[in-house]
Amino acid sequence: MELFKFERTRGKDKKPDGDDGNWFTNLFKKNNLKADKVEAEAKDTKVVLKGKVPDRETAEKMIVAAGNNEGVAEVESHLEIEDEKKEPASTMYEVKPGDTLSKIAKEHYGDASKYPVIFEANKPMLSDPDKIYPGQVLRIPPLD
């Protein structure tokens, strides 16, 4: 079990009050994430994810997709990765005021021009590299 913290007062969308998890299932489908073996249970400001996902990238994208919504403070992951390779997990990074993807890439990779790596790692939740906001959590994958 892993627990991830999010800024619950900010987000791309607002989690509906009283949702039983269906909203998150639809969110995963909208973002082309393979969620057919995943259950999302909304418990007040926490979302609990259970089930199987094909790989680590899908698991991390589901966590970020669920957490970056107004009204979500925590995502508790019980996701089982079917094709578990011994690849390192991504770093989860909370965007601060004044951050850009270039600035984040410089901080994590030592090279601002590597920002497309971060952008691609957060697609389709990010549609434009210039549209990030303070409090948003991004996946920062390790460089190959």
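I need the shape label for segment 76-144. Rule: rounded when a/c is under 1.5, else prolate if a/b > b/c, else oblate, with a, b, c from the alpha carbon gyration tensor.
In terms of gyration-tensor shape, prolate.
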Determine the relative contact order of the chain: mean sequence separation of Cα pairs under 8 Å and six or more apart, normalised by residue count, in whole percent. 27 percent
Cα gyration tensor, segment 1-121 - rounded (a/c under 1.5), prolate or oblate: oblate
Reach of residue 29 by Cα under 22 Å, taken over lysines that are not fewer than 8 positions away in the same chain: 12, 14, 15, 37, 43, 46, 50, 52, 61, 123, 131
Looking only at segment 98-115, which residues have a backbone nitrogen under 20 Å from a spot 7 Å from the Cα of residue 130 in the C-beta direction? 98-106, 112-115
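Run lengths n ≥ 4 of DSSP H only: what is the helix-derived mean residue ellipticity at 222 nm for the chain, with -39500 (n - 2.57) per run over all residues, to the nearest 500?
Calculated from helices alone, the mean residue ellipticity at 222 nm is -7500 deg cm²/dmol.
What ranking do 75-88, 45-58 get when scored by the average of other Cβ atoms within 10 Å per residue, highest first?
Sorting 75-88, 45-58 by mean packing, highest first, produces 45-58, 75-88.
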Loop trypsin sites (Lys or Arg not before Pro), segment 106-144 (other Cβ atoms within 10 Å of the site Cβ: 10 or fewer; DSSP): 131
With only Lys, Arg, Asp and Glu charged, each at its Cβ (+1 for the first two, -1 for the last two), find how big the charge dipole of the chain is about the Cα centre; round to the nearest 20 debye. 280 debye
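No lab work stands behind these numbers, since they all come straight from the coordinates. Computed from a predicted model, the values in this text were never measured in an experiment. All Cβ positions, even for glycine, are placed from backbone atoms using ideal geometry, and neighbour counts span all protein chains on display.
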